[in-house]
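Read through the structure below, which is laid out as structure tokens, and then see the notes.
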Amino acid sequence: MTRTRVKTYQYKVGKNKYLVIKIYQTSTAKAKRGNVLASNAVNVQIFKKQKRH
């Protein structure tokens, strides 16, 4: 993976909250012989914050 850039936005419409995650990735792969695969897969985990009392 050459570069990964992540931007997150939160929107509130009425009582609903929306989380938008934009992921920009670039990858390169080189080989003198054989096959090369440049994967663009992403693992995303979203955790809910606990409220402070």
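Since every read-out is calculated from the coordinates, none of them should be taken as a lab result. What you are looking at is a predicted structure, and each value in this text was computed from that prediction instead of being measured.
Per 10 Å bin, what percent of the C-alpha pairs of the chain does each bin hold, from zero upward? The percentages, shortest bin first, are 17, 33, 25, 15, 8, 3, 0. What number, in percent, do you get for the relative contact order of the chain if the mean sequence gap of Cα pairs under 8 Å and at least 6 apart is divided by its residue count? Normalised by residue count, the contact order of the chain is 31 percent.
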